[in-house]
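Have a look at the structure below, then the notes.
Just so it is clear, none of the values below were taken in a lab; they were calculated from the coordinates. Since we're looking at a predicted model, the values are computed, not measured. Positions of Cβ are backbone-derived with ideal geometry, glycine not excepted, and every protein chain shown enters the neighbour counts.
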Amino acid sequence: MKALEGIKILDMTHVQSGPTCTQILAWFGADVLKVERPGVGDATRGQLRDIPDVDSLYFTMLNHNKRSITLNTKSDKGKEIFVRLIEECDVMVENFAPGALDRMGFSWERIQEINPGMIYASVKGFGPGPYEDCKVYENVAQCAGGSASTTGEIGGIPMVTGAQIGDSGTGMHLVAGILAALYQRTHSGRGQRVECAMQDAVLNLCRVKLRDQQRLAHGPLKEYSHFGLDIPFGEATPRAGNDSGGGQPGRILKCKGWEHDPDAYTYFITQAAVWKNVCDVIGRPEWKEDPDFATPEARLPRLTQIFEAIEVWTMGKDKYEVMEICNPLNIPVGPILSFKELAEEESLRKTGTVVEVDHPERGKYLSVGNPIKLSDSPSDVERSPLLGEHTDEILRDVVGFSDDEIKAAKDEGAV
Ligand code: CAO
């Protein structure tokens, strides 16, 4: 048995945020029925294609372990089938533009009438307020959720980050809400509405920046590079390059080969508890007792000088050597790994975090498997469905249609 075996998900999601959520639920063992418009499907099937007429990697990497049914939920017959699916499913997940499901005739009130046990989960760009009707994509959420204003070089323009915190980040938040609602339903017997706004999810992931915003009222943020460089703080949490977001100062430093390898860098944290080890490793034993360097407080105005000295040492080692030397000394460091290196990393293949999947039309490709490991419910990654691949099967097994009814639905263009 898988953790969510027996749970049926009516998957009305598209693009990235919603599909991330339902893919995790599928990996936990839920039966995810992805509803797609006949002849069209999820827009990402055709976006950023690397092979002509084949489902894109964008689609395949976000829709593993799901079944696909095509259904025109705006036609009369399609609505009738949709009602049957709502009756049969435990959770419905959607990330359409605000109001799209209401316009189809399926408001939350109507869904509750059809199935009082239904958990109805939505991603929207913004929660209730001035922007609630806006359509939102990843980078808009990163900007509106505080990430962009706090990411980038000191004095530089706001930057978005490669981590899809707006889309996949919100999808992961929604997973947590759905699982909590499923658990509450075991006591209450009732479904409920689960809502997650992309702005809120990004803001949650940037929680420490709101911490710093409030600390600013009480003086400079001494762990930021600005402090040692005498750069004045403004009214808001600033962009801070690669400064550590926590209480232990850290920076990205060059390693051997940086001149020709764009990823020959390491993150290096001057953890207070192992400061003496840092001094020994970089060949500055005198800093262990020097009052200008011996305590974390004394080091704060001198962080740039300190990291420059550490970088002289890291530039003589490759990023893996830095890791091998520092790890036994409990000095936290991390090599900057490229996607080429991650794709080839054997340990990630062994844990199923990076998997090779076979697809009937595109052949073999790499994907990221389930990053959440359950000891009693391992995740096997199965390829994404072709558009409408399981329409007949779902109409028969879930909706309860006979072969004649399936044919009639097809003739009407409902599926
Ligand atoms: N049968 C019939 N109609 C269908 C259908 C089906 N199976 N599936 C979808 N549709 C219809 C919708 O009802 C909608 O119609 P109306 O505009 O008439 O209501 C229409 O298709 C398009 O839906 P949409 O407006 O959601 O799609 P879009 O491409 O214009 O916008 C997006 C995309 C992502 C900006 C928007 O869906 C959105 O803001 N979603 C919420 C935030 C979000 O998740 N953003 C992340 C996107 S990346 O993960």
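For the chain, modelled as a GNM whose springs connect Cα atoms under 10 angstrom apart, the maximal fluctuation among Pro98, Pro249, Pro285 occurs at Pro285.
Under the convention that each Lys and Arg Cβ holds +1 and each Asp and Glu Cβ holds -1, the size of the dipole of the chain around its Cα centre is about 720 debye. Fully extending the segment from Gln214 to Asp380 would add 55.3 nm, taking 0.36 nm per residue of separation and subtracting the current Cα-Cα distance.
Determine the dipole magnitude for segment 242-331: charges of +1 sit on the beta-carbon of Lys and Arg, -1 on that of Asp and Glu, nothing else is charged, the reference point is the Cα centre, and the result goes in debye to the nearest 20.
The calculation lands at about 120 debye.
Using a cut-off of 13 Å between beta-carbons, work out the net charge of the residues near Leu342 (Lys and Arg +1, Asp and Glu -1, Leu342 not included). That works out to -3. Does segment 48-153 come out rounded, prolate or oblate by the C-alpha gyration tensor, with a ≥ b ≥ c the root eigenvalues, rounded set by a/c under 1.5 and, if not, prolate when a/b is larger than b/c and oblate if not? Taking the square roots of the gyration eigenvalues as a ≥ b ≥ c, segment 48-153 is oblate.
For helix 76-88, what angle does its Cα long axis make with the longest principal axis of the chain, in degrees from 0 to 90 and rounded to 10? That works out to roughly 60 degrees. Residues within the reach of a label modelled at Asp261 (point 7 angstrom out along Cα to beta-carbon, backbone nitrogen below 18 Å), restricted to segment 339-356, are 339-347. Using a simple spin-label model with pseudo-atoms 7 Å out from Cα toward Cβ, Met315 and Ile231 lie 2.1 nm apart. When the pairs Lys2/Lys340; Lys79/Lys373; Lys2/Lys350; Lys2/Lys79; Lys2/Lys410 are compared against a 27 Å limit on Cα-Cα distance, Lys2/Lys340; Lys79/Lys373; Lys2/Lys79; Lys2/Lys410 fall above it.
A DSSP coil position with no more than 16 other Cβ atoms inside 10 Å describes the following trypsin sites (Lys or Arg not before Pro) in segment 3-85: Arg49, Lys74. In the structure shown, do any of Lys256/Lys364; Lys135/Lys364; Lys66/Lys135; Lys66/Lys319 have a Cα-Cα gap over 31 Å, and if so which? Beyond 31 Å: Lys256/Lys364; Lys135/Lys364; Lys66/Lys319. Can you work out the Karplus-derived ³J(HN,Hα) for every residue in segment 209-216? Use 6.51 cos²θ - 1.76 cosθ + 1.60 with θ = phi - 60°, whole Hz, and x for glycine or proline. Coupling constants for segment 209-216: 6, 6, 4, 5, 4, 6, 5, 4 Hz. Sorting the segments 294-301, 378-385 by their residues' average number of neighbouring beta-carbon atoms within 10 angstrom, most packed first, yields 378-385, 294-301.
Give the relative contact order (percent, whole number) for the chain; include only Cα pairs under 8 Å separated by 6+ residues.
Here the relative contact order equals 19 percent.
Here the chain carries DSSP beta bridges of which approximately 40% are antiparallel, counting only pairs with both residues inside. Among Glu259, Glu138, Glu311, the residue with the largest mean-square fluctuation in a Gaussian network model of the chain, with springs joining Cα atoms closer than 10 Å, is Glu259. Between segment 147-220 and segment 340-358, how many Å separate their Cα centres? Between the Cα centres of segment 147-220 and segment 340-358 lies a distance of 28 Å.
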